[in-house]
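Following: one structure in structure tokens, then a few remarks.
Values in this text are rule-based calculations from the coordinates and carry no lab data. The shown structure was predicted, so the numbers you read here are calculated from the model rather than taken from an experiment. Quick reminder, even Gly has a Cβ in these numbers, built from the backbone with ideal geometry, and neighbours come from all protein chains shown.
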Amino acid sequence: MTTTLGVIMNGVTGRMGHRQHLLRSVLAINAQGGVALSDGEKVLLRPVLVGRNAAKLAEIAAEHGIEDHTTDLDAALADPENLVYFDAQVTRARVKAILRAIEAGKHVYTEKPTAESVAEAVALAEAATAAGVKNGVVQDKLFLPGLLKLKRLVDGGFFGRILSVRGEFGYWVFEGDWQAAQRPSWNYRAEDGGGMTLDMFPHWQYVMENLFGPIRSVYAQTTTHIPARVDENGRAYDATADDAAYGIFELEGGIIAQINSSWSVRVNRDELVEFQVDGTEGSAVAGLRGCRIQHRSTTPKPVWNPDLPVTVSFRDGWQEVPDNAEFDNGFKIQWEMFVRHVLEDAPFPHDFAAGARGVQLAELGLRSAAEGRRLTVGAL
């Protein structure tokens, strides 16, 4: 038996909303026959596209054979057939729209960060709980093949006692003058909710919490390396948000994590994001898809001698972790989880409370950078 679930999708004219959520998640789910529930029933998703640009919505809808699209969010929320509201708008517009969806009794799934401030993020979680609606936040990095392999190593005790985590994320985003920027200009305007810290610290929060343990303190340094850029319409503008954030985090158990995030760095690594985890029994380097390991028993014994050339390749001493599983698109997997959560109360730990903890880390990171000191990450 197959049923249909109406899903309001607000913000699909943007890059993430369009590519990852509409095309690679919702439409991909329908192409495979729907979300399979525990009783064997299949659920197809009926997307209702919402946004401010009617012409662009109509173009997307026509391209993909979608019947419903509107600039009237309230009308979409008023339709009882639409049970789920999804938000992929710019961060600044998110809280007000989600509160309207909650008031309309919709279950809400949203991109991160859930809000620009901890107070707003907590208010969303409280509002959803009070209304009795299911709620979830996108935490896609947990479903990357590389991090799934890393989680497998952690759960299997490969590392022994974990000592440290080192993360490198980023790439060069063109300034927009002689080559078009590959990120939207609002990312670089603080007044529009942009900034590296607000964008990426929520990601690092749930990655560290789910793989290694709760975060106890943060020290961060943020900066705007490129102060002037050119937007999508060829107009110069001042970059008022941070485009790089360098963080040191202390985790439960004494693990020290260092994560550099920058849109002003040229890539000299295998993937756009890599995490190195070092433990007493072994180490691993995980990226988006791959994961390499070096066990204690196979660790070489380097000797520092700057007067002699290196005669071995250190990379050759690492072993690739096998897939041992089929890895689907992480965004799609989490969509399927949320649909099951809504329809049959299946577990979904990535709720608005989890989203608020991500906003908390971003807020503390920005405050740490402004005050030049380490801050405790307390319970919300």
Rounded to 0.05, the calculated FRET efficiency for the beta carbons of residue 256 and residue 319 at R₀ = 35 Å is 0.90
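Sorted by average packing, counted as other Cβ atoms within 10 angstrom per residue and highest first, what order do 109-115, 29-35, 243-249 take?
Going from most to least packed, we get 109-115, 243-249, 29-35.
Taking R0 as 30 Å, what FRET efficiency do you get between residue 75 and residue 240 from their Cβ-Cβ distance, rounded to the nearest 0.05?
The value I calculate is 0.30.
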Partner aspartates and glutamates whose C-alpha sits under 13 Å from that of residue 134, ignoring same-chain residues fewer than 8 away, are 103, 126, 344, 345, 351
When the charge dipole of segment 1-152 is computed with +1 at the Cβ of Lys and Arg and -1 at the Cβ of Asp and Glu, the Cα pointing farthest to the positive end, of 51, 73, 144, is that of 144
Computed about the Cα centre, the charge dipole of the chain from +1 Lys/Arg and -1 Asp/Glu charges at the Cβ has a magnitude in debye, to the nearest 20, of 740
Calculated from DSSP helices alone, with each H run of at least 4 adding -39500 (n - 2.57) and the total divided by the residues of the chain, [θ]222 nm to the nearest 500 comes to -9000 deg cm²/dmol
Read-out Rg/Rh (Cα atoms, Kirkwood Rh), candidates (1) 0.93; (2) 1.18; (3) 0.99; calculated match is (3)
Using alpha-carbon positions, the gyration tensor of segment 85-127 gives root eigenvalues a ≥ b ≥ c; with a/c under 1.5 called rounded, otherwise prolate if a/b exceeds b/c, else oblate, the class is oblate
Contour minus Cα-Cα span, residue 129 to residue 327, at 0.36 nm per residue, comes to 68.0 nm
Taking R0 as 30 Å and r as the Cβ-Cβ distance between residue 119 and residue 163, the FRET efficiency 1/(1 + (r/R0)^6), rounded to the nearest 0.05, comes to 0.25
Length gained if residue 93 through residue 15 is fully extended, taking 0.36 nm per residue and subtracting the Cα-Cα distance, is 26.5 nm
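For the pairs 106/149; 56/96; 112/151; 96/151; 56/332, note any where the Cα-Cα span goes beyond 26 Å.
In this structure, 106/149; 96/151 lie more than 26 Å apart at Cα.
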With Cα coordinates, the longest principal axis of the chain makes an angle with the long axis of helix 330-344, in degrees rounded to 10, of 50
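Got a sec? How would 149, 141 order by Cβ neighbour count within 10 Å, fewest to most?
Numbers: 149 25, 141 20.
With the sparsest Cβ surroundings first, the list reads 141, 149.
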Within segment 108-129, the residues whose backbone N lies under 12 Å from a label point placed 7 Å from the Cα of residue 379 along the Cα-to-Cβ direction are none
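When only Cα pairs under 8 Å and 6 or more residues apart are kept, what is the percent relative contact order across the chain?
The value is 20 percent.
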Relative to the chain, whose Cα atoms define the longest principal axis, helix 118-131 and its Cα axis are tilted in degrees, nearest 10, by 50
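Count charges around residue 26 for me, please; just the other residues with Cβ under 13 Å from its Cβ, Lys/Arg as +1, Asp/Glu as -1. Numbers along the way, then the final one.
Values: positive: 19, 24, 46, 332; negative: 68, 336.
Once positives and negatives cancel, what remains is +2.
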Given unit charges at Cβ for Lys, Arg (+) and Asp, Glu (-), the dipole magnitude of segment 1-106 about its Cα centre in debye, nearest 20, is 580
The farthest towards the positive end of the charge dipole of segment 285-380, of the residues 360, 290, 303, given +1 on Cβ of Lys and Arg and -1 on Cβ of Asp and Glu, is 303
The alpha-carbon center of segment 209-275 and that of segment 127-146 are separated, in whole Å, by 23
Between the residues 178, 228, 212, the Cα farthest towards the positive end of the dipole of segment 139-243, that dipole coming from +1 and -1 charges on the beta-carbon of Lys, Arg, Asp and Glu, is from 212
Treating only Lys and Arg (+1) and Asp and Glu (-1) as charged, each at its beta carbon, one finds that segment 286-380 has a dipole about its Cα centre, in Debye to the nearest 20, of 520
So, relative contact order of segment 222-276 in percent, Cα under 8 Å, 6 or more apart, is 27
Among segment 338-380, those whose backbone N falls under 17 Å of a label point 7 Å along Cα→Cβ from residue 190 are 362-373
Once both label points are put 7 Å beyond Cα along the C-beta direction, the residue 281-residue 310 separation in nm becomes 2.8
